[in-house]
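Here the structure comes first, spelled out in C-alpha cells, and everything after it is commentary.
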Amino acid sequence: MANTAILEAYIFILAVFMGFQLISKVPAVLHTPLMSATNAIHGIVLVGALIVLGAATTPLGKAIGTLAVFLGTLNVVGGYVVTDRMLGMFRKAGRGGERK
C-alpha cells in the first residue's frame with residue numbers, strides 16, 4: 001500500500017514537471033489550438049465523472065460523483081469561454097471599433 005502511494009506520488013510529480021516543461025516550450029501562436037485540444041480532453045474527464053456517478057451506490061459516492069460532474073462541467077465551459085475570448089482577440093475590428 002505504501003509503495004503504491006509513493007509510486008503514484010512519483011508519477012504525479014513527474015507528470016507535473018513534464019507538463020510544465022512541455023507547455024513552456026510551446027510558441028504563443030499555438031496556445032489557442034492547444035487550449036482547444038485540452039478542452040476536448042476535459043470533456044472525456046466529464047464523461048468519466050458521469051460514469052462514476054452512475055456507478056455510485058452510497059450517498060458519499062453520489063455526493064463525490066455529483067461534485068466531480070459539477071467541477072468537470074465548470075472546467076469544460078470555462079475552457080471554452082476562455083478560448084472564445086482569446087479567438088476574439090484575433091478578429092478584425094469592424095465599423096465603430098466593434099470586433100466581428
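The values are calculated or read from the model by the stated rules, or taken from the named source; none is laboratory data. Given the structure is predicted, the values throughout are model-derived calculations rather than measurements. Ideal geometry is used to build each Cβ from the backbone, glycine not excepted, and the neighbour counts take in all protein chains shown. Note: accessible area is taken over every heavy atom of the protein model, side chains too, but ligands, DNA and RNA are not part of it. Shrake-Rupley method; radii C 1.70, N 1.55, O 1.52, S 1.80 Å.
Ligands, DNA and RNA are left out, and with a 1.4 angstrom probe the accessible area of the chain is 81 Å² per residue. Using the Karplus relation 6.51 cos²θ - 1.76 cosθ + 1.60 with θ = phi - 60°, the per-residue 3J(HN,Hα) values for region 62-74 come to 5, 5, 5, x, 5, 4, 5, 5, 4, 5, x, 5, 4 Hz, with x marking Gly and Pro.
Shape of the chain from its Cα gyration tensor (a ≥ b ≥ c, root eigenvalues): rounded if a/c is under 1.5, otherwise prolate when a/b > b/c, or oblate? Verdict is oblate for the chain. Ligands, DNA and RNA excluded, the heavy atoms of T73 present near 60 Å² of accessible surface to a 1.4 Å solvent probe. Rounded to the nearest 20 debye, the dipole magnitude of the chain is 580 debye, with +1 charges on Lys and Arg beta carbons, -1 on Asp and Glu beta carbons, and the Cα centre as origin.
Compute the helix-to-body angle for 2-24: its Cα long axis versus the longest principal axis of the chain, expressed 0 to 90° and rounded to tens. Here the helix axis deviates by roughly 10 degrees. Which is farthest toward the positive dipole end of the chain among I13, S24, A56, measuring Cα position about the Cα centre, with Cβ charges +1 (Lys, Arg) and -1 (Asp, Glu)? So the residue we want is S24. Dipole orientation for the chain: of the candidates G79, V69, F90, F90 has the Cα lying most toward the positive pole (charges on Cβ; Lys, Arg +1; Asp, Glu -1). With Cα atoms defining each centre, region 24-45 and region 73-90 are spaced 11 Å apart in the structure.
What part of the accessible area of the chain, given as a whole %, is carbon or sulfur when the probe is 1.4 angstrom? Answer for the chain: carbon and sulfur cover 76 percent of the accessible area.
Build a GNM of the chain with springs between Cα atoms under 10 Å apart, and of V16, V26, V76 the one that fluctuates most is V16.
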